[in-house]
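The values are calculated or read from the model by the stated rules, or taken from the named source; none is laboratory data. Keep in mind that what you see is a predicted model, and the values were worked out from it rather than measured. Counting neighbours? That spans all protein chains shown, and the Cβs are built from the backbone with ideal geometry, glycine included.
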Amino acid sequence: MANPSSQDDTFREWESLLKTVRQYQDEIAGIAPFRDALATAHLTAVASRNLRDSYEASAQEETRRLNEALATGRDAVSRLRYYIKGVLGIRSEKLSRYGIKLPRKRPRLARRSPFGPLPS
C-alpha cells in the first residue's frame, strides 16, 4: 500500500480501491459492508473538504469586505473630523468632545542671531 502524501493522493487511492472492489466484488464474499463503509467515509471526507474550501473562500471574501468597510469608515471619520474642525474652529475647546486633539502650544525659542551675540 502506498503512503499517501496528501489528501488528493488519499482520495485517489480510495477511489481506485472502491472501483476495483466494485468491479470484483463477486470474488470476495462478505466484502459489501467494508466497501460501503469506505464509500461512506470517502463521500463524507470529500464533502467536508469541499465545505472547508468554500469556507476558506468565503472567509477571504468577508475579510476583503471587512477591510473595505474599515477603509471607508476611516475616510468617513477623517472627513467628519475635518468638517467639525471647520465649523468649530481649529482651536475650539469643544473639539475634545469629538476625540479631536487640540494643537499643542509650543514654547517660543529665543532667536539667535546668525552673526553671533550682539556687542554690548
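Against the definition (over 30 Å from Arg12 (Cα atoms) and modelled with pLDDT of 90 or more), how does Arg64 come out, yes or no?
yes
Pairs needed: first member in segment 93-104, more than 15 Å from Val77 (Cβ to Cβ) and touching a residue at least 60 places away in the same chain (Cβ under 8 Å); second member anywhere, of a type outside the set (S, T, N, Q) and in a loop (DSSP other than H, G, I, E, B); C-beta distance under 9 Å; at least 6 residues apart or different chains.
none
Any idea which of Lys105, Lys101, Lys94 is in a helix (DSSP H, G or I), basic (Lys, Arg) and at pLDDT below 90?
Going through Lys105, Lys101, Lys94 in turn, the sole match is Lys94.
Under 27 Å from the mean Cα position of the chain (by Cα), surrounded by 10 or more Cβ atoms within 10 Å (Cβ to Cβ), outside any loop (DSSP other than H, G, I, E, B) and at pLDDT 90 or above: which single residue out of Ala37, Ala76 fits that description?
Just a single option satisfies the conditions, and that option is Ala76.
Mind counting the residues in segment 40-70 that are over 18 Å from the mean Cα position of the chain (by Cα) and either loosely packed, with under 10 Cβ neighbours inside 10 Å or of a type in the set (Lys, Arg) (or both)?
Total meeting the criteria: 1.
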